[in-house]
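To start, the structure itself, in structure tokens.
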Amino acid sequence: MDIPVIDLTPYVDGISGKFCLDGVLSPELEKVCSEVSRILRETGALLVKDPRCSAEDDDRFISMMERYFEMPDEFKWLQARPHLHYQNGATPGGLEVPRSLAVKDMLKKAKELPKEHQPLIPTGADLKWRYMWRIGPRPLTTRFKDLNADHIIPEGFPEWEETMNSWGYKLMSAVEAVAEMAAIGFGLPKDSFTNLLKNGPHLLSPTGGDLGSHGKEGTIFAGYHYDLNFLTIHYRSKFPGLYIWLRNGKKVEVKVPEGCLLIQTGKQLEWVTAGDCMAGLHEVVVTEKTVEAINAAKEANRSLWRVSSTLFSAVASDAIMKPLGHFAQSPLADKYPPVYAGEYFQKELANGATPGGVLVPRMLVVKDMLKKAKELPKEHQPVIPTGADLKWRYMWRIGPRPSKTRFKN
């Protein structure tokens, strides 16, 4: 199945670059907005063409991220922030656990699909690395400071901040355009979604998969999951391997045309539409076509890191999520009670137990700690960790909670 492409060019001012819908909607524009909402509802994904997001911009961004991901793991660990749920800086490979392993019955339902539509079943944390970079202004006051932390810039990348911000803001502008059109298509005021997104913890989150080390067919880089945020947007990847699931359970390989962006629905959009638009399920795996692309990259002496220019748009942490407008009358509305977006996010991130392969030894994160350990006499040196701990852990709060606190998580 080919996902339809929505061209935003007619609605973008050629001089200012601003997206603008008419004050009075024309029948043609209403039809396009209805098509946007229909596609999101039925497929959980949408392809758009936005003249503000060029292939040249993406190439510059991807080139920088390839150089970053090719750096030694010891360097990349310095940008990891476990105490911020890895929502800022680097998220090392082997840490992020697919939602299908954490959400009750999700894997069971996946195994009940016809065999040709089943995902590859993940058995542990994803192999992919990520880098989280906040896009847009932060709220002046917030209950959720860990979701709105300052930037982390790796050493040796002088172009980092400008490149990340330039590309991130362009991707975010495309998300906002689609959010306006979707709101109209769902029968809501056009600013219903964009108002929720103001000052949200939007994250430009380039994802890196090392196909040089993990290029065998059947390898899972991002196990079967949904996204927690509102809308996710990507530019076209150099390596295939992304699959999505339609509302009817059909598994579809995503083919993004040249010059187009892929948008996927997240759990927050599902929440405010009372499940009328469900969070899109997807996975990233190594396929036969991926292996062919790996071989072509080797011959051309190109990077073997599969980098996606992913941006997660999110509802403002202190905004209350609930079914909007007529969706509040949905028979499913009770499944989506009012909740602070930040509170929902923290609960999802801390859902249940802490699996093995998630907790990271402090010496891999704290600057110079590993270096000092290696300077000890050999008989007093620790065994040097190379990744996350194998141990599982279960956290249970003991004692009374404070009646008031800035740190609700």
Fill in: Peptides 44-53, 250-259 ordered by average Cβ neighbours within 10 Å, highest first
44-53, 250-259
Worksheet item: Using a simple spin-label model with points 7 Å from Cα along the Cα→Cβ vector, what separation in nm is obtained for Glu28 and Glu217?
Response: 4.7 nm
Worksheet item: Looking only at Ser303, Ser16, Ser173, which one moves most when the chain is put into a Gaussian network model with springs between Cα atoms under 10 Å?
Response: Ser16
Item to complete: List the DSSP H helices in the chain whose Cα atoms stretch 15 Å or more along the helix axis and whose mean Kyte-Doolittle hydropathy is at least -0.5.
Response: 27-43, 160-185
Practice prompt. Can you spot the lysines whose alpha carbon is less than 17 Å from Lys289's alpha carbon? Ignore those fewer than 8 places along the same chain.
Written response: Lys216, Lys238, Lys251, Lys255, Lys298
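Hey, what's the stretch 1-100 come to in accessible area per residue, 1.4 Å probe, Å²? Spell out each step's value before the answer.
Details: 4650 Å² over 100 residues.
I get 47 Å² per residue for this part.
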Worksheet entry | Cα-based reach from Lys378 at 29 Å (exclusive), listing lysines while leaving out same-chain residues under 8 positions away | Lys76, Lys367, Lys391
Discussion item. Pick from His380, His83, His117 the residue whose mean-square fluctuation is largest in a GNM of the chain, springs joining Cα atoms under 10 Å.
Written reply: His380
Practice prompt. Tally up the carbon and sulfur contribution to the accessible surface of the chain as a whole percent, 1.4 Å probe, everything protein left in place.
Written response: 54 percent
Discussion item. Test of understanding: what is the full-extension gain from Ala296 to Leu140, defined as 0.36 nm times their sequence separation minus their Cα-Cα distance?
Written reply: 51.3 nm
Worksheet item: For Lys109 and Val383, what is the calculated FRET efficiency with R₀ set at 30 Å and r taken between the beta-carbons, to the nearest 0.05?
Response: 0.15
Item to complete: With springs only between Cα atoms under 10 Å apart, run a GNM on the chain and tell me which of Pro206, Pro154, Pro382 wobbles the most.
Response: Pro382
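So if we plug the beta-carbon distance of Lys18 and Lys49 into 1/(1 + (r/R0)^6) with R0 = 22 Å, what FRET efficiency do we get, rounded to 0.05?
Working: r = 17 Å, r/R0 = 0.77.
For Lys18 and Lys49, the calculated efficiency is 0.85.
The values are calculated or read from the model by the stated rules, or taken from the named source; none is laboratory data. Since the model is a prediction, treat every value here as computed from it, not as a measurement. Cβ atoms come from the backbone with ideal geometry, glycine included; neighbour counts cover every protein chain shown. We work out accessible area using only protein heavy atoms, side chains counted, and drop any ligands, DNA or RNA first. Shrake-Rupley method; radii C 1.70, N 1.55, O 1.52, S 1.80 Å.
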